[in-house]
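Peer 1: Got a structure for you, questions after.
The values are calculated or read from the model by the stated rules, or taken from the named source; none is laboratory data. Just so we're clear, the structure is a prediction, and the values are computed from it rather than from any experiment. Note that we place each Cβ from the backbone using ideal geometry, even for glycine, and neighbour counts take in every protein chain shown.
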Amino acid sequence: MIIIDDDPGMREAISSLVRSISFEAKMMASVDEFRRSPRPSGPSCLVLDVRLPGLSGLDLQRELAASHVDLPIIFITGHADIPMSVQAMKRGAIEFLTKPFREQDLLDAIQLGIARDRARLEDDKSAAELRARFDTLTVREREVMAGVVAGRLNKQIAGDLGISEITVKVHRGQVTRKMKASSLPDLARMADKLKLLAESS
């Protein structure tokens with residue numbers, strides 16, 4: 001949990017509030033300080049003042065998006081205007097709170113942000129595991145997997161690849177074992193996810 005606000009009193013108040021729900025808080029006064037700090041390893045979110053010395057909170061939001069850093073952001077500000085809040089929310093901010101805000105509103109937003117980041121980290125981990133399993137397949141096993149998830153019969157895959165049906169069965173068994181697939185639909189879901197991963201990388 002990271003708090004960026006140039007007002008020491010506000011930083012301390014938010015940090016105290018965050019600790020009250022058993023989250024750790026790192027306090028920073030500027031975007032530059034954030035840039036110099038290591039990213040948290042576990043689920044986190046960013047409570048970010050809009051107006052800061054140097055780069056603004058909105059500048060940091062743009063920078064993170066451009067770098068594909070997916071960190072949930074809650075904006076706080078003493079000088080809100082409608083276009084500014086609309087812009088921040090359109091870019092994916094969880095909440096835009098005007099000072100003085102209700103503590104419960106901030107706590108609700110923080111818990112949503114942490115939950116969202118935890119889900120993202122779990123997705124990233126399962127995607128990395130799936131990729132690692134796929135990387136253990138030989139070229140031939142990948143060809144057989146493509147045929148299987150396309151709904152081709154062993155005989156058809158054998159004809160497509162110019163190999164015997166027995167060989168297809170052996171490769172198919174290897175694919176199922178290496179991918180840890182419990183069924184054909186499970187393998188098809190994995191193939192879909194791998195396509196999506198390839199498109200996004």
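Peer 1: Can you tell me how many residues within segment 17-38 are closer than 21 Å to P100 by Cβ and surrounded by fewer than 11 Cβ atoms within 10 Å (Cβ to Cβ)?
Peer 2: Within segment 17-38, residues that are closer than 21 Å to P100 by Cβ and surrounded by fewer than 11 Cβ atoms within 10 Å (Cβ to Cβ) number 1.
Peer 1: Going residue by residue through segment 39-47, is there one that turns out to be surrounded by fewer than 17 Cβ atoms within 10 Å (Cβ to Cβ), of a type in the set (D, E, K, R), in contact (Cβ under 8 Å) with a residue 12 or more places away in the chain and in the same structural domain as Q111 (by TED's automatic domain parsing)?
Peer 2: Yes, there is a match, as at least one residue in segment 39-47 is surrounded by fewer than 17 Cβ atoms within 10 Å (Cβ to Cβ), of a type in the set (D, E, K, R), in contact (Cβ under 8 Å) with a residue 12 or more places away in the chain and in the same structural domain as Q111 (by TED's automatic domain parsing).
Peer 1: Can you list the helices (runs of 4 or more DSSP H) lying wholly within segment 1-104 that have 1 or more residues being over 28 Å from A119 (Cβ atoms) and among the small types (G, A, S)?
Peer 2: Helices (runs of 4 or more DSSP H) meeting the threshold: 8-19.
Peer 1: Select from segment 116-134 the residues that are of a type in the set (K, R), surrounded by 11 or more Cβ atoms within 10 Å (Cβ to Cβ) and out of contact with any helix residue (DSSP H, G or I) (no Cβ under 9 Å at 6 or more places or on another chain) and list them in ascending order.
Peer 2: Answer for segment 116-134, where residues must be of a type in the set (K, R), surrounded by 11 or more Cβ atoms within 10 Å (Cβ to Cβ) and out of contact with any helix residue (DSSP H, G or I) (no Cβ under 9 Å at 6 or more places or on another chain): R116, R118, R120.
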